[in-house]
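What follows draws every value from the coordinates through simple rules; no lab data is involved. Here the structure is a predicted model, which is why all the values come from computation and not from measurement. Positions of Cβ are generated from backbone atoms using ideal geometry, with glycine treated the same way; all protein chains shown enter the neighbour counts.
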Amino acid sequence: MSFDSIKTRPGLRHLRDSISRLEGWWFDLTRRVSTAGVALLDGLSLAGDAKRGFMYMPARPTPVRLALRDLPIREYENYTFVDLGSGKGRMLFLAAEYPFRRIEGVEFALELHTEAQRNIARYRNRRRRCPRIESVNVDAADYVFPRENLVIALFNPFGPEVMETVLRRVQSSVEEHPRDVLMMMLFPEQAAVVDSTGHWRVLRRTRRYHIYRILNNGLE
Ligand SMILES: C[S@@+](CC[C@H](N)C(=O)[O-])C[C@H]1O[C@@H](n2cnc3c(N)ncnc32)[C@H](O)[C@@H]1O
């Protein structure tokens, strides 16, 4: 029996889901926030034209922490962290354990954005290193990227069409204002879209996440 078939056995899948739920519950309890649970997009008020994207499912803290630890950054104060499809904000609170210049979540569902704002106001944690966390209610395809060095995080928020638009916008923004842009994709389903652009160099590729750096950022 292969390792993969053992991992997908119903009993083990159930155990993994239970551990994941417990991890999420503990995360929320210790930070006084509410990010657990999934939310379908049907019936939510969505910003933008496309009105298409994947449902809300918070990221598991462990893989996010591993990816954050792997970012090739020396001076966090020189980078702004942007989570595209930030939902209720869990990824923002994990990023806040590093001293980023500021952290911004981009969420197109008004109800999830409102919940994120409530969470940001309530969030307390002794590991917090970044004082500025915000959520903005906008479609990622319309988002104007800040003219700062960036870490762009994605946990499978949308399909290839929106991803292509987002990547085009990042690239033209960097052409106009050269700066460093790192991208951190969790369990990436759109990695092929990134690779097909020829504009990103893979810095790290693991089963759980990929880290990229934009090419021709004017700094190399
Ligand atoms: C899998 S969840 C990720 C949640 C969050 N990043 C985290 O790690 O906890 C995907 C999120 O992307 C949002 N989303 C989907 N399409 C979007 C778009 N075009 N613009 C902004 N947000 C979008 C969904 O509403 C949902 O909250």
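Each residue of the range 46-51 is assigned a 3J(HN,Hα), and the resulting list reads 9, 7, x, 8, 5, 6 Hz, derived from the Karplus form 6.51 cos²θ - 1.76 cosθ + 1.60 (θ = phi - 60°), x at Gly and Pro. For the range 116-220, the Cα gyration tensor yields ellipsoid semi-axes of 24, 17, 15 Å (square root of five times each eigenvalue, largest first, whole Å).
Take the alpha-carbon positions of the range 110-156, form their convex hull, and give its projected area averaged over all directions (one quarter of the hull surface) in nm². Intermediate values should be presented prior to the final figure.
Details: hull surface 18.0 nm².
Answer in nm², one decimal: 4.5.
Who wins for biggest fluctuation among VAL144, VAL64, VAL82 in a Gaussian network model of the chain, springs between alpha carbons below 10 Å? Among VAL144, VAL64, VAL82, the largest mean-square fluctuation in the Gaussian network model of the chain belongs to VAL144. Look at the Cα gyration tensor of the range 1-121: its axes a ≥ b ≥ c give a/c of at least 1.5 with a/b at or below b/c, and that counts as oblate. When each of the peptides 73-81, 36-44, 96-104 is scored by the mean number of other C-beta atoms lying within 10 Å of its residues, the order from highest to lowest reads 96-104, 73-81, 36-44. Taking a ≥ b ≥ c as the square roots of the eigenvalues of the alpha carbon gyration tensor, the chain is rounded, as a/c is under 1.5.
If you take every DSSP beta bridge whose two residues both sit in the range 61-214, what share of them, in percent to the nearest 5, is antiparallel? Please report the intermediate quantities before stating the final value.
Values: 10 of 31 bridges.
Percent antiparallel among DSSP bridges in the range 61-214 is about 30.
Each of LEU46, THR165, TYR76 was placed along the dipole of the chain (beta-carbon charges, centred on the mean Cα), and the one lying farthest toward the positive end is TYR76.
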